[in-house]
Amino acid sequence: MLLIECPWCGPRDEAEFAYGGEAHIARPTEPDKLSDAEWAEYLFLASNPRGTYLERWRHAHGCRRWFNAVRDTYTHEIIEIYAMGSLPKSKLGIQAYEDSWRRGSAAEQNAKRGSAKS
Amino acid sequence: MAEINQARSPLAGVASSEGGSSEAGIRLTERPFLGKLVLRGDGGDGFLKAADAALGTAPPIEPNTAATIEEVSILWHSPDEWLIVTATSAETELANRLRETLGSMHAAVIDVSDSLVALRLSGSSTGSLLAKGCALDLHPRAFGPGQCAQTHLASALVTLHQIDDTGTWDIFVRASFAPYLWRWLEDASLEYGLAYGTG
């Protein structure tokens, strides 16, 4: 059982949390400009690293807030907890973010182009 | 609106209100028919001021803390959600007052009196009892009077509210879980001696 530090409620038992999957998957703003393969990559492909992983959690049986975590999938160590909408600050977290295949994906480029326009 | 004398607690037929061990480390009682409201709002200054005007005190913004003023307790549930506990039948008037002071603000007041059951635990062994079913650190060095927490007790989702430093706690649990939690508390209390009622 993991002890997870809710940014609001403090350290709580893993059973109080719901898992929200991989963090930082930007939704394409112009999906019609993506090929089926690129869209499928956004929709279905999840990273599955042995090591540092950026993921989302929700304190479902507490304050019901979402937050992000940097977790090592091998040791289960939680390296960092950070707010939704922000980027990791720990060295491992930054590295995992920058090294992710997603950063260069067509879907993320598409999402960035959309947000730059608006 | 139903008359109060027609009200039936979800614990009717399950909970005892008197009797039990004469040397009890635990006293367990239901606090039936308390008024309960859920207050939602952005937690900003304007919201807190408006809520303060109706409640007589601002909702606590420190996580896991509660404010009590006379017969009203305001328990922090989330940065934008509070549980307000009032005396029996006082909730409607308080809700109306809140709605009035909150005006057109993006906020909500919901009457949840019948969805939650309130239990009162007291006695010298309540700390050990809660520790059997709750993973949260409730030791005095980590938790104290006036603090509250939404957490699991024997796997049931509860709100714990520590009333004083002599082992008095209020437990709020969903009505459908209340008979289960009551029986679990009875069973878990056996080793400390259990008595019912406020004593």
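The values are calculated or read from the model by the stated rules, or taken from the named source; none is laboratory data. The model shown is predicted, which means the values in this text are computed figures rather than measured ones. Cβ sites come from the backbone with ideal geometry, for glycine too, and all protein chains shown count toward neighbours.
Restricting B:Phe143, B:Phe177 to those that are touching a Leu at 6+ places or on another chain (Cβ under 8 Å), within 14 Å of another protein chain (Cβ to nearest Cβ) and assigned to a loop (DSSP other than H, G, I, E, B) reduces the list to B:Phe143.
In this structure, A:Trp57 does not satisfy being at negative phi, within 14 Å of chain B (Cβ to nearest Cβ) and among the aromatic types (Phe, Trp, Tyr). Outside the structural domain of B:Tyr180 (by TED's automatic domain parsing), modelled with pLDDT under 95 and within 15 Å of the chain's Cα centre (by Cα): which single residue out of B:Glu3, B:Glu18, B:Glu91, B:Glu71 fits that description? Answer to the check: B:Glu71.
For (1) touching a residue at least 60 places away in the same chain (Cβ under 8 Å); (2) surrounded by fewer than 19 Cβ atoms within 10 Å (Cβ to Cβ), each residue gets a yes or a no:
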| site | (1), (2) |
| --- | --- |
| B:Glu91 | no, no |
| B:Arg99 | no, yes |
| B:Thr126 | yes, no |
| B:Leu129 | yes, no |
| B:Ala149 | yes, no |
| B:Ser155 | no, yes |
| B:Ala178 | yes, no |
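Return the only residue of B:Ile74, B:Ile84 being more than 14 Å from chain A (Cβ to nearest Cβ) and free of Cβ contacts under 8 Å to residues at least 40 places away in the same chain.
The match here is B:Ile74.
Scanning the range B:32-63 for residues that are among the basic types (Lys, Arg) and within 15 Å of B:Glu91 (Cα to Cα) returns a single hit, B:Lys36. Under the condition of being more than 13 Å from the chain's Cα centre (by Cα) and buried (at least 17 other Cβ atoms within 10 Å of the Cβ), the residues counted in the range A:26-38 number 3. Candidates A:Ala46, A:Ala111, A:Ala96, A:Ala83: the one that is touching a residue at least 24 places away in the same chain (Cβ under 8 Å), of a type in the set (A, V, I, L, M, F, W, C) and touching a Lys or Arg at 6+ places or on another chain (Cβ under 8 Å) is A:Ala111. Restricting attention to the range A:78-118, the residues being farther than 20 Å from A:Asn48 by Cα, of a type in the set (Ser, Thr, Tyr) and modelled with pLDDT under 95 number 2. When residues in the range A:55-66 are screened for being part of a strand (DSSP E or B) and buried (at least 23 other Cβ atoms within 10 Å of the Cβ), 1 of them pass.
Of the residues making up the range B:21-43, those that are modelled with pLDDT of 95 or more and either of a type in the set (Ser, Thr, Tyr) or over 23 Å from the mean Cα position of the chain (by Cα) (or both) number 1.
I need the full set of residues from the range A:1-38 which are away from every other protein chain (no Cβ under 14 Å) and assigned to a helix (DSSP H, G or I), in order please.
Passing the criteria: A:Pro31, A:Asp32, A:Lys33, A:Asp36, A:Ala37, A:Glu38.
Could you identify the single residue in A:Arg50, A:Arg56 that is charged (D, E, K, R) and closer than 30 Å to B:Ala156 by Cβ?
Among A:Arg50, A:Arg56, only A:Arg56 is charged (D, E, K, R) and closer than 30 Å to B:Ala156 by Cβ.
Look at the range B:35-61: where a residue is in contact (Cβ under 8 Å) with a residue 60 or more places away in the chain and a partner is charged (D, E, K, R) and not in a strand (DSSP E or B), sitting 6+ places away or on another chain with Cβ atoms under 8 Å, you get B:Gly35/B:Glu91; B:Lys36/B:Glu91; B:Leu37/B:Glu91; B:Arg40/B:Asp80; B:Gly41/B:Asp80; B:Asp42/B:Asp80. Taking the criterion of being in the same structural domain as B:Asp52 (by TED's automatic domain parsing), assigned to a strand (DSSP E or B) and over 16 Å from the mean Cα position of the chain (by Cα), would at least one residue in the range B:95-109 satisfy it? Yes; the residues of the range B:95-109 include at least one that is in the same structural domain as B:Asp52 (by TED's automatic domain parsing), assigned to a strand (DSSP E or B) and over 16 Å from the mean Cα position of the chain (by Cα).
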